[in-house]
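The values are calculated or read from the model by the stated rules, or taken from the named source; none is laboratory data. Note that the structure is a prediction, hence the values are computed from the model and not measured. Every residue, glycine among them, receives a Cβ derived from its backbone with ideal geometry; neighbour counts consider all protein chains shown. Surface areas here come from the heavy atoms of the whole protein model, side chains and all, with no ligands, DNA or RNA. Shrake-Rupley method; radii C 1.70, N 1.55, O 1.52, S 1.80 Å.
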Amino acid sequence: MTPDDLDWSATGFSTRAIHAGQDADPTTGAVVPPIFQVSTYKQDGVGNLRGGYEYSRSANPTRAALEEALAAAEGGAGAAAFASGLAAEDTLLRAVLRPGDHVVVPDDAYGGTYRLIARVFGPWGIEHTAVNLSDPDAVLGAIQPGRTKVVWVETPTNPLLGIADIAAIAVHAQSVGALLVVDNTFATPYLQQPLALGADVVVHSTTKYIGGHSDVVGGALVVGDGAQLPVGLVGPTGTTSLLDAVRFHHNASGAVAGPFDAWLTLRGLRTLAVRMDRHVANAAAVVDFLSGRPDVTEVLYPGLESHPGHEVAARQMSAFGGMVAFRTGSEATALAVCAATRVFTLAESLGGVESLIEHPYRMTHGSVAGTALEVPDDLVRLSVGIEDADD
């Protein structure tokens, strides 16, 4: 067996992230997969594809390397890389939902996810129920047997950092033949492995921690081994395989990651583990600082023993992540804090090496104002970067 033939599945996370799907280039020996900035490929006769490549919407070697690496990182059967996280979510939902179906969503979901489900899929005939995911019984109560085809989980949630028990919710979803989808963007595959806990598919905005440098937009779906479409549904390829349906829609809809974006994301994945260790350590230091301030009315972080989801998070995560939220008592104070920082940059997004601060009520979650998902106006969200903790 040559090094390029090795099976990396039994190795540790960091080893898989660096090596899976990233064999040395067979032509030059380049240790980093090249950027195949190409749209089409020469065929060795009609229908005789060289390496299986014909057109880069359908497949591209750089994107294929990223997809193999992401599947290995999450312990999945396969992955698909998209132009954005919402493109990934949209493709998944169109693959598994039909008019009249029902979705259970978090009551503090990412605003973009809620907007997609409520305002794009709603007019198409998809209904949804927002529920507190920290209570598995409430999730069970929100499920409509025969109609609920997807239970959508974020854990930790964005921006209130609520925790959902993935394994417990998986039992409820499976009992009615619904898919359990877990948005693992905040936790990353380094800190949490939803597929091993019973999820059917994991969603990522790879823009965030996986990319890690605030220089690329992307998304991904990673499908669990043997995952099937919701009960009663047959996919466009004539099978009930969820992975088959995702790959068909990935190509048919075309919102694929470009080669350079895939290459940047793959570069970020290689250093995810070491970056997350620093994000987690710095977040803990910031939490300690905030917890000692009388002008902070509440700190939201699953690493705190006082957090209602602390025990579940400790059980299903290897560490508590780099996202922190806190409340200030008034919107005016929250806005003043956002305007007064120097190391923390006022900006949307998260998960980059630099620290970011934002006001969710007016920024990332403005689209849910006036709904059941509206967030407190005194809330400040931090993406704690990897700068020196003292600074």
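Quantify, in whole percent, the carbon and sulfur part of the accessible surface of segment 273-383 (1.4 Å probe; protein heavy atoms only).
Numbers: 2650 of 4970 Å².
The C+S portion of the solvent-accessible surface of segment 273-383 is 53 percent.
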Q) So how long is each side of segment 273-383 along the principal axes, counting just the alpha-carbon atoms, biggest first, in Å? A) 34, 31, 30
Q) Quick one: if you stick a label point 7 Å off each Cα along the C-beta vector at residue 332 and residue 252, how many nm between them? A) 5.6 nm
Q.
How many angstrom lie between the Cα centre of segment 121-170 and the Cα centre of segment 290-331?
A. 22 Å
Q | Inter-part distance where segment 362-381 and segment 221-246 are each reduced to a Cα centre, Å | A | 34 Å
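Is it possible to state the helix-based mean residue ellipticity at 222 nm for the chain, with each DSSP H run of 4+ residues giving -39500 (n - 2.57), the sum divided by total residues, to the nearest 500 deg cm²/dmol? What is it? Don't skip to the end; give the middle numbers.
Details: 12 runs with 119 residues, N = 391.
So the calculated ellipticity at 222 nm is -9000 deg cm²/dmol.
Counting each pair of different Cα atoms once, what's the Kirkwood radius of segment 175-245 in Å, rounded to one decimal?
Details: mean 1/r = 0.0758 Å⁻¹.
13.2 Å is the Kirkwood radius here.
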Q) Where does helix 85-96 land angle-wise versus the long Cα axis of the chain, in degrees 0 to 90, nearest 10? A) 70 degrees
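Specify the longest stretch of the chain that does not include any exposed loop site, a site being one of the trypsin sites (Lys or Arg not before Pro) with a non-H, G, I, E, B DSSP assignment and at most 12 other Cβ atoms within 10 Å.
Working: sites that count: 42, 342.
Counting only loop sites that pass the neighbour cut-off, the longest clear stretch is 43-341.
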Q: Mind checking segment 76-138 for chymotrypsin sites (Phe, Trp or Tyr not before Pro) that DSSP puts in a loop (not H, G, I, E or B) and that have at most 15 other Cβ atoms within 10 Å?
A: 124
Q | Assigned charges on the beta-carbon of Lys, Arg, Asp, Glu; the chain dipole about Cα centre (debye) | A | 900 debye
Q. Hey, what angle do you get for helix 242-253 against the long axis of the chain, alpha-carbon based, 0 to 90 degrees rounded to 10?
A. 80 degrees
Q. Roughly how many Å² is the accessible area per residue of the chain, as a whole number, for a 1.4 Å probe?
A. 41 Å²
**Q.** Viscosity 1.306 mPa s, 10 °C: Kirkwood-radius Stokes-Einstein D of segment 7-128 over Cα pairs, µm²/s
**A.** 91 µm²/s
(Q) Please list 3J(HN,Hα) in residue order for segment 197-214, calculated via the Karplus relation 6.51 cos²θ - 1.76 cosθ + 1.60 where θ = phi - 60°; whole Hz, with x for glycine and proline. (A) 9, x, 5, 8, 8, 10, 10, 9, 8, 6, 3, 7, 5, 5, x, x, 10, 6
Q. Distance in nm between label sites at residue 171 and residue 10, each 7 Å beyond Cα in the beta-carbon direction?
A. 3.3 nm
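Give the percent of DSSP beta bridges with both residues in the chain that are antiparallel, rounded to the nearest 5.
Details: 25 of 43 bridges.
Of all bridge pairs located within the chain, approximately 60 percent are antiparallel.
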Q | Kirkwood-based shape ratio for the chain, expressed as Rg/Rh from alpha carbons | A | 0.97
Q: Please find the FRET efficiency linking residue 271 to residue 291, where r is the Cβ-Cβ separation and R0 is fixed at 45 Å, and quote it to the nearest 0.05.
A: 0.90
